[in-house]
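Engineer: Below you'll find the structure I mean.
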């Protein structure tokens, strides 16, 4: 069973990518950072490796998807509250990201979506720890 996850994404400009995600509050591991790649720390078990396109290409024989025109994946991460979801989304847009989808509000779950500088899709989400039952309990009558 896997214990950690490393997502690898191609980027055009590594420095701009680091600036963008630093503005969102993420940190980077300097031990895995050079002119070709950097390692963004999501938490103790989840990391995003941003690789300049030429270096990314050494790991695959497939073409690199232009994420500004096509989708390859949606990366989602959780937040502690609805307010933090909005805060992260607003930071992303202020740092040069673009809205991907309008906010989604299901009562027990709330999310905002944005595109990073290379067009990769990200979603910040909050879920009530009680799950969908919390929403149905809140709307149920006595």
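The values are calculated or read from the model by the stated rules, or taken from the named source; none is laboratory data. The model shown is predicted, which means the values in this text are computed figures rather than measured ones. Reconstructed Cβ throughout: ideal geometry from the backbone, glycine too, with neighbour counts over all protein chains shown.
Engineer: If you take the residues of the range 117-130 that are surrounded by fewer than 18 Cβ atoms within 10 Å (Cβ to Cβ) and outside any strand (DSSP E or B), which of them is modelled with the highest pLDDT?
Structural biologist: Here the residue is 128.
Engineer: Next question, about the same structure. Output yes when any residue across the range 131-141 is at negative phi, modelled with pLDDT under 95 and crowded, with 16+ Cβ neighbours inside 10 Å, and no when none is.
Structural biologist: First pass over the range 131-141, keeping only residues at negative phi: 132-141.
Imposing the further condition that a residue be modelled with pLDDT under 95 reduces the set to 132-141.
Within this subset, residues satisfying the condition of being crowded, with 16+ Cβ neighbours inside 10 Å are none.
No: zero hits.
Engineer: Suppose we filter the range 40-51 for residues that are under 10 Å from residue 8 (Cβ atoms) and touching a helix residue (DSSP H, G or I) at 6+ places or on another chain (Cβ under 7 Å); how many remain?
Structural biologist: Residues of the range 40-51 that are under 10 Å from residue 8 (Cβ atoms), as a first pass: 47-51.
Within this subset, residues satisfying the condition of being touching a helix residue (DSSP H, G or I) at 6+ places or on another chain (Cβ under 7 Å) are 50.
Within the range 40-51, residues that are under 10 Å from residue 8 (Cβ atoms) and touching a helix residue (DSSP H, G or I) at 6+ places or on another chain (Cβ under 7 Å) number 1.
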